[in-house]
Each structure stands twice: as C-alpha cells, then as structure tokens.
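Chemist: Could you have a look at this structure, given as structure tokens, before my questions?
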Amino acid sequence: MTEVERTIGTPDETRGEPADGARGDDQGTASRGPRRVGVLISVAALAYALDLITKLIVVAGLEHHAPIQVIGTVLQLDVVRNRGAAFGIGEALTIVLTLIAAVVIVVIARIARRLYSAPWAIALGLLLGGAFGNLTDRVFRSPGVFQGAVVDFIAPTHFAVFNLADSAIVCGGILIVILSFRGLDPDGTVHRD
C-alpha cells in the first residue's frame, strides 16, 4: 500500500497505535515502513551543494561585471548582495533573519524523528538545504558574522533577484502546502477531514 493510500480509520490508529493491537516502537513503526531521514539529508545536501557551488561560480565570474543575458532581457544572471529577506525587505533585520533560519533548521531536525513519508522528506530536505544555503551566506559573507549579505543572481524581469536556496525554500513550501491539503502527514499517514 502506498503512503497516499493509507488512511486513519480506527480510534487506535488515530492515537498512533497499530490497529491490530501490536504495541511498541519496533512493531508500530514497521507498518509505516522505514524512516525517510536519509531522503531528507540527501535532498538537503544536494540543494545546499548546488546553491553553494553556483554562488561561488557567480561571485568569482560575474560580480562587478555586466549582467549575462540568458533569455534576452527576460532572464539575466546578475550578482546582487541582499542583506534582507525575500524581495529585499527587512535589510535592517539580518540578525533576526539568521535566527529564523536557525529555528527552521531545529524544527526540521525535530520533525525528522517521526518522518516516514518520502514526499515530506523531499519537501523538508528542500527547506533545510535552502535554509542552510542562505544561513551560510549570513554567517560567513561580509560585512560580518550573522550580518552577511546573501548572494542572489537569478534576475527575471519585473521580479526579485533570487538564488537556488530561495528556489529550494519556495518549492519545499509549495510541496508542504500540497501535502497538507492532500492530508498526508510527515509520519506517512493520511487523515480525512
């Protein structure tokens, strides 16, 4: 049975206990399949690595140069240092944004303990990789620790300049909304409303 096909129907199952009367972590978790922490870590590592590598490349090759046109003027590569949040909002809140990223990482680590859903592992992995990507900039880039500016470089016309970490965070967030609307929980169960 796939994760999306599982539903909660009995009172025992709504408390997280197996319906057949089996108790204990070994028997209760066996029915859900393996934990998906490996998927979460793999997706996070891939998102983080892609973000870090692309930022290193664009800073070395594009900073202080004219933008590169990818699709005419519709999409360009142009290095921008962003001390604020998305769309350049909150430039004076760099330390607060750093703390928020750290809290997101801690929350995802706590959720990982009960993560049996591969789609949730992918979504949380995207969030985790993106949060680490931008947190790395805020910690290690100038002007200083916890005040660093995030490197943004994907510049569509009439839209904010962003990076791959931002893309991972947005995609992870959209996936979480979809999973929530479909009733799939991080523990692999599906609930009906």
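Chemist: Compute the distance from the alpha-carbon center of region 147-193 to that of region 42-68, in whole Å.
Modeler: Comparing the Cα centres of region 147-193 and region 42-68, I get a distance of 19 Å.
Chemist: Same structure, new question: Just need the relative contact order of region 54-147 here, percent rounded to a whole number, with Cα pairs under 8 Å and 6+ apart.
Modeler: 20 percent
Chemist: In region 101-144, which chymotrypsin sites (Phe, Trp or Tyr not before Pro) fall in coil by DSSP and have 15 or fewer other Cβ atoms within 10 Å?
Modeler: Within region 101-144, no chymotrypsin sites (Phe, Trp or Tyr not before Pro) qualify (loop, at most 15 other Cβ atoms within 10 Å).
Chemist: Be a star and scan region 36-50 for residues whose amide nitrogen sits under 17 Å from the point 7 Å along the Cα-to-Cβ vector of Cys171.
Modeler: 39-50
Only the coordinates and a few stated rules stand behind these numbers; no lab work does. Bear in mind that the values here come from a model prediction, so they are computed numbers and not experimental data. Cβ atoms come from the backbone with ideal geometry, glycine included; neighbour counts cover every protein chain shown.
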